[in-house]
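Chemist: My structure is below; once you've seen it, I'll send some questions.
The values are calculated or read from the model by the stated rules, or taken from the named source; none is laboratory data. Fair warning: this is a prediction, and the values are worked out from it, not measured in the lab. Every residue, glycine as well, gets a Cβ built from its backbone with ideal geometry; the counts of neighbours run over all protein chains shown. Side chains are part of the model used for accessible areas, which takes the heavy atoms of the whole protein and leaves out ligands, DNA and RNA. Shrake-Rupley method; radii C 1.70, N 1.55, O 1.52, S 1.80 Å.
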Amino acid sequence: MNGNIPIFNLERDAFGRLVLTDAEGERHVGVTPVRAFPLSAPGEGVSLVGGEGRELVWIDRVEALPPETRALLEQELAVRDFAPTLLKLHGVSSFGVPSTWTVSTDRGETTFVLKAEEDIRRLEGGALLIASAHGVQFRIPDVKALDRPSRKLLERFL
């Protein structure tokens, strides 16, 4: 540790995997960054986890990292955190589950399958996180901001 900043090097290998070289000079191939609080504090509390699932480095604040390391880490986190924002709910195949939802997102039009009502998680501030059957997380930052028809469809599942 150097103050609050852990000493390590992060780079990509020829196969695109993240490689962490720790303070002792040991290389760890296939490191995965994991945010502790991805929605409430995305720039704070990131763990670099090795292939065996063990935490190798804890990062208190991403912004405190050197620019090259921060850019590489943020690039990797962006891939992991892919979560389109649901803007409008056009329709659902049924009001039971599983059901197919047709929606507009900030990334375009799409359909997804909702397997269970438990796949809709309430977050603080009126936000929702909806997990599709394929593992894509759709965010709704504020349910009240949706148009009335979208809210009415959504209410059937809440």
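Chemist: Quick one: which of GLY50, GLY126 is out of contact with any Cys (no Cβ under 6 Å at 6 or more places or on another chain) and on the phi > 0 side of the Ramachandran plot? Walk me through it before giving the result.
Modeler: On the way: GLY50 fails: on the phi > 0 side of the Ramachandran plot.
When all the criteria are applied, what remains is GLY126.
Chemist: Touching a helix residue (DSSP H, G or I) at 6+ places or on another chain (Cβ under 8 Å), open to solvent by less than 70 Å² (accessible area, probe 1.4 Å) and not hydrophobic (A, V, I, L, M, F, W, C): does that describe PRO33? Before the answer, list the steps.
Modeler: Values: touching a helix residue (DSSP H, G or I) at 6+ places or on another chain (Cβ under 8 Å): yes; open to solvent by less than 70 Å² (accessible area, probe 1.4 Å): yes; not hydrophobic (A, V, I, L, M, F, W, C): yes.
Yes; evaluated as a whole, the condition is true for this residue.
Chemist: Could you grab the pairs with beta carbons closer than 7 Å, sequence gap of 6+ or different chains, first residue in region 1-16 and closer than 18 Å to LEU77 by Cβ, second one at pLDDT 85 or above and among the charged types (D, E, K, R)?
Modeler: Pairs that qualify, where the first residue is closer than 18 Å to LEU77 by Cβ and the partner is at pLDDT 85 or above and among the charged types (D, E, K, R), are PHE8/ASP22.
Chemist: Please pick out the residue among GLU109, GLU155, GLU118 that is open to solvent by 80 Å² or more (accessible area, probe 1.4 Å) and closer than 23 Å to PRO38 by Cα. Break it down into steps so the answer makes sense when it comes.
Modeler: Working: GLU109 fails: closer than 23 Å to PRO38 by Cα; GLU155 fails: closer than 23 Å to PRO38 by Cα.
Sole residue among the options that is open to solvent by 80 Å² or more (accessible area, probe 1.4 Å) and closer than 23 Å to PRO38 by Cα: GLU118.
Chemist: Does SER150 fit the bill of being part of a strand (DSSP E or B), in contact with a strand residue (DSSP E or B) (Cβ under 7 Å, 6 or more places away or on another chain) and in contact (Cβ under 8 Å) with a residue 12 or more places away in the chain? Before you say what the answer is, go through the steps one by one.
Modeler: Values: part of a strand (DSSP E or B): no; in contact with a strand residue (DSSP E or B) (Cβ under 7 Å, 6 or more places away or on another chain): yes; in contact (Cβ under 8 Å) with a residue 12 or more places away in the chain: yes.
Judged against the criteria, SER150 is not a match.
Chemist: Please give the number of the condition THR69 fails out of (1) open to solvent by less than 30 Å² (accessible area, probe 1.4 Å); (2) free of Cβ contacts under 8 Å to residues at least 40 places away in the same chain; (3) of a type outside the set (A, V, I, L, M, F, W, C).
Modeler: (2)
Chemist: Given the residues ALA23, ALA83, which is the only one that is of a type in the set (A, V, I, L, M, F, W, C) and open to solvent by 30 Å² or more (accessible area, probe 1.4 Å)?
Modeler: None of the others qualify; the one that does is ALA23.
Chemist: Considering only region 39-58, state which residues are under 18 Å from ASP22 (Cα atoms), in a loop (DSSP other than H, G, I, E, B) and either open to solvent by 40 Å² or more (accessible area, probe 1.4 Å) or among the acidic types (Asp, Glu) (or both).
Modeler: Within region 39-58, GLY51, GLU52, GLY53, ARG54 qualify.
Chemist: Only strands (runs of 3 or more DSSP E) wholly contained in region 90-134 count here; list those with 2 or more residues that are touching a residue at least 40 places away in the same chain (Cβ under 8 Å) and of a type outside the set (Asp, Glu).
Modeler: Once the strands (runs of 3 or more DSSP E) in region 90-134 are filtered for at least 2 residues that are touching a residue at least 40 places away in the same chain (Cβ under 8 Å) and of a type outside the set (Asp, Glu), what remains is 128-131.
Chemist: Let me ask you something else. Within region 6-18, restricting attention to residues that are open to solvent by less than 60 Å² (accessible area, probe 1.4 Å) and either more than 21 Å from the chain's Cα centre (by Cα) or modelled with pLDDT under 90 (or both), which residue is nearest to ARG139 (Cα to Cα)?
Modeler: Residues of region 6-18 open to solvent by less than 60 Å² (accessible area, probe 1.4 Å): 6, 8, 10, 13, 16, 18.
When the remaining residues are screened for being either more than 21 Å from the chain's Cα centre (by Cα) or modelled with pLDDT under 90 (or both), the result is 6, 8, 13, 16.
Numbers: PRO6: 32, PHE8: 33, ASP13: 32, GLY16: 28 Å.
Among those that are open to solvent by less than 60 Å² (accessible area, probe 1.4 Å) and either more than 21 Å from the chain's Cα centre (by Cα) or modelled with pLDDT under 90 (or both), it is GLY16.
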